[in-house]
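Before any comments, here is the structure.
None of the figures in this text is laboratory data; all of them are computed from the coordinates on show. Computed from a predicted structure; not experimentally measured. So basically every Cβ, Gly included, is an ideal-geometry build from the backbone, and we count neighbours across all protein chains shown.
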């Protein structure tokens with residue numbers, strides 16, 4: 001029995017909800033469970049528990065994902081975890097406990113035993129949690145659609161979500177653009193070691209405000225290939241290492257190295273990018289902050305900038 005039909009049989013979704021999810025799957029891709037969660041027909045926790053019953057194997061919890069040891073992560077090559085869509089999370093002598101999208105795929109598990117040299121103990125994991133974990137531990141970037149949904153289930157999200165109303169009120173009450181950058185940086189600095197806002201003026205990208213790093217005097221153009229030009233061109237966030245290329249040299253200089261895991265997000269006013277928001281956890285550490293939460297902060301900052309512009313236009317009328 002297919003997953004969708006089994007969900008209906010258990011009374012977790014209706015036939016109509018399954019049809020809607022299947023139509024969405026054709027358009028956007030992803031697994032059927034992912035589309036059901038995105039449509040809010042099913043919670044991610046409900047899906048996880050169901051998959052455990054469906055495949056008759058243990059499930060992996062957010063708490064287990066949050067504390068995987070480096071030795072376990074390094075025991076499997078990133079290309080292998082990406083190819084087989086698996087997450088190693090525990091080693092026990094020659095046994096490797098790993099979460100997979102399909103823990104009943106005997107052929108894949110046999111191949112993994114051969115490739116890794118470990119006896120594979122399979123668990124089941126949802127697509128959302130797997131992609132979150134592969135980005136966190138292996139730097140395998142998720143599509144933006146997967147960011148905000150799964151990060152709500154990360155253990156570190158609770159404190160951040162509890163403070164969001166206060167941050168919303170702070171953004172709503174700003175009277176100067178300087179305050180917007182200050183609120184954004186202050187909120188992000190609570191969960192990351194280095195944060196900065198870079199302002200866009202014509203083709204120049206200059207340092208504006210920062211915590212944990214010094215952006216005073218920083219200036220580059222968007223014409224040379226860099227982490228900045230990549231985000232501006234695609235109008236989408238960048239997550240990954242700061243590569244040692246010519247265009248990144250000014251950033252590498254102020255960071256005193258090349259972070260293995262950094263995040264750069266565009267701060268947009270309608271369709272125009274007005275600033276760039278940078279976050280990392282130091283040169284050698286993985287950025288374990290809630291990316292969905294940071295994305296929400298950046299979105300609110302963009303709205304706050306737009307409100308400031310509208311106020312100025314009203315005053316000039």
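Residues considered: 250, 266, 122. Largest GNM mean-square fluctuation over the chain, using C-alpha springs under 10 Å, is found at 250. For Cα extents along the principal axes in Å, the listed values are (i) 65, 45, 33; (ii) 85, 60, 40; (iii) 60, 40, 36; which was obtained by calculation from the structure presented? Here Cα extents along the principal axes in Å agrees with entry (i).
Normalised Debye scattering of the stretch 1-118 at q = 0.19 Å⁻¹ gives log10 I(q)/I(0) of -1.07, counting only Cα atoms as equal scatterers and leaving out solvent.
For 116, 14, the sequence from fewest to most other C-beta atoms within 10 Å is 14, 116. Hey, if you drop one equal point scatterer on each alpha-carbon of the stretch 257-317 and run the Debye formula without solvent, what base-10 log of I(q)/I(0) do you get at q = 0.12, 0.21, 0.27 Å⁻¹? Taking Cα atoms of the stretch 257-317 as identical point scatterers yields -0.40, -0.83, -1.06.
Fewest first, what order do 300, 265 take by the number of other Cβ atoms within 10 Å? Display every interim value, and only then the final one.
Details: 300 21, 265 24.
Listed from fewest to most nearby Cβ atoms, that is 300, 265.
Quick one: angle between helix 177-189 and the longest Cα principal axis of the chain, in degrees between 0 and 90, rounded to 10, please. So the helix axis and the longest Cα principal axis differ by about 30 degrees. What the pair-distance distribution of the stretch 3-42 shows, using all Cα-Cα distances binned every 5 Å from zero, is 6, 30, 39, 19, 5, 1 percent. Quote the FRET efficiency, to the nearest 0.05, computed for residue 63 versus residue 307 with a Förster distance R0 of 41 Å and r equal to the Cβ-Cβ distance. In this case the efficiency is close to 0.60. With Cα atoms as the point set, the radius of gyration and Dmax of the stretch 157-316 evaluate to 15.2, 49 Å.
The alpha-carbon atoms of the stretch 62-151 define a convex hull whose volume equals 87 cubic angstrom per residue.
How would 178, 202 line up from fewest to most surrounding beta-carbon atoms within 10 angstrom?
202, 178
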